[in-house]
Amino acid sequence: MIRAKIAGTGSYIPEKVATNFDLEKFLDTSDEWIVSRTGIRERHIAAECQNASDLATEAARKALEMAGVAAEEIDLIIVGTITGEFTFPSAACMVQKNLGARRAVAFDVSAACSGFIFALANAVNYHRIGTVKRSLVIGSEIMTRTVNWKDRNTCVLFGDGAGAVVLSSEEGEGGILSTHLHTDGNYWELLYQLSGSASPSFLPEVEDQGRRFVKMQGNEVFKVAVKALSDVALEALAANGLTKDDLKLIFPHQANKRILDAIGKRLDLPSDKIFVNVDRVANTSSASIPIALDEANRRGLLAPQDLILLNAFGGGFTWGAALIRW
Ligand code: UT7
């Protein structure tokens, strides 16, 4: 059986750091509140000259280097992002240009914080039907440009960064075993951001001539996120005849440490099986899972045959999972 296997991982996190103490200086918040309610201690902020496609390109270069694959050998590039610098062309087009990946077909996937999993599932299917042999799947975001820095309900939560994987078609039992995607558009109002130039006229914010920011009803999102992330993990395990005891590590979307703890409780998983880096990078939306995966990979936490699970949740609502034999 031909499966997509992860041949290399990479990530890029901008240098500039904003700690909770930095935020305290201009916002009615505190390190104590942010750490106790979210687990976040700091976030990284892209330089003014950097765009989401630049972060994506850096992450992709590192993943290609690890995989030992040249950009010219890539057939497909999919970027999960909601913060591309253009409405069009896609961030993926810019990455293709930056890398010189001349043969690659490139497009973006918009699924908010689930963007990487949705992009991955797309790529896996191209590998499965045999039209693609090597692909790049990337999550990249500059979320700090989408939040209102006067709104303490949202701005403390997000950070910038990118993560990437190189997929390679291989025979055998390993690789990406299955992907599972879900959407429920009925929840759209709990988490959204109006578009720049084509916003629906029925929303009051359209009257504002100012910038349009991320809007979120955090506590409502929280409840649905915990259930959806747990359910989709169980769905992926059941689809493969496996149980939570077979898992080495899970990589949930890094939105909030309390969400990660709640998933652990629901799935009855010990805390050392749940990867956490939200304290250092905050919520990087579609970049969060590939950044976490790259960190674990480079720290030597993953060995061949380990079973790992990626699960994401985001605006839409969208949610999904991928089960992987490393
Ligand atoms: O990535 C996509 C998915 N997104 C998520 O998964 C986010 C899910 N939601 C969350 O992580 C949490 O709901 C938040 C971290 C956003 C908020 O935590 P919460 O425990 O649900 O707090 P809350 O929204 O119920 O607010 C509690 C209080 C409010 O004050 P009052 O009305 O009780 O007086 C807020 O105004 O905390 C206040 N508050 C803050 N206080 C200090 C909200 N943000 C802050 C802040 N600093 N930054």
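Using a 1.4 angstrom probe on heavy atoms only, work out the carbon and sulfur share of the accessible area of region 47-198 in %. In region 47-198, the share of accessible area belonging to carbon and sulfur is 49 percent. Using a probe of 1.4 Å on the protein chains alone, the accessible area found for LYS227 is around 100 Å².
Here the contact order of the chain, divided by its residue count and restricted to Cα pairs under 8 Å and six or more residues apart, works out to 26 percent. The fraction of all Cα pairs in region 1-49 landing in successive 5 Å bins from 0 to the largest distance is 5, 16, 17, 16, 12, 10, 7, 6, 6, 3, 2, 0, given as whole percents. Indicate the gyration tensor shape class of region 99-174 (rounded, prolate or oblate), computed on the Cα atoms with a ≥ b ≥ c the square roots of the eigenvalues: a/c under 1.5 is rounded; otherwise a/b larger than b/c is prolate and the rest oblate. Prolate shape, in that a/c is at least 1.5 and a/b is the bigger ratio. Across region 143-269, the relative contact order, built from alpha-carbon pairs under 8 Å that are at least six residues apart, equals 25 percent. The Rg/Rh ratio of the chain, with Rg taken over Cα atoms and Rh as the Kirkwood radius over Cα pairs, comes to 0.95. Ranking of LEU237, LEU181 by solvent-accessible surface, largest first: LEU181, LEU237 (1.4 Å probe, protein heavy atoms only, all chains present). Taken as entire DSSP H runs, the helices of the chain that both span 20 Å or more between Cα atoms along their own long axis and average -0.5 or more on the Kyte-Doolittle scale are 52-67, 115-129, 218-239. Rg then Dmax, both in Å and based on the Cα atoms of region 240-326: 12.4, 35. Between GLU48 and LEU301, the FRET efficiency estimated from the beta carbon spacing at R0 = 22 angstrom works out to 0.05.
The values are calculated or read from the model by the stated rules, or taken from the named source; none is laboratory data. These numbers were taken from a predicted model, which means no experiment stands behind them. Note: ideal-geometry Cβ built from the backbone for every residue, glycine included; neighbour counts use all protein chains shown. Only protein heavy atoms, including side chains, enter the accessible area calculation; ligands, DNA and RNA are left aside. Shrake-Rupley method; radii C 1.70, N 1.55, O 1.52, S 1.80 Å.
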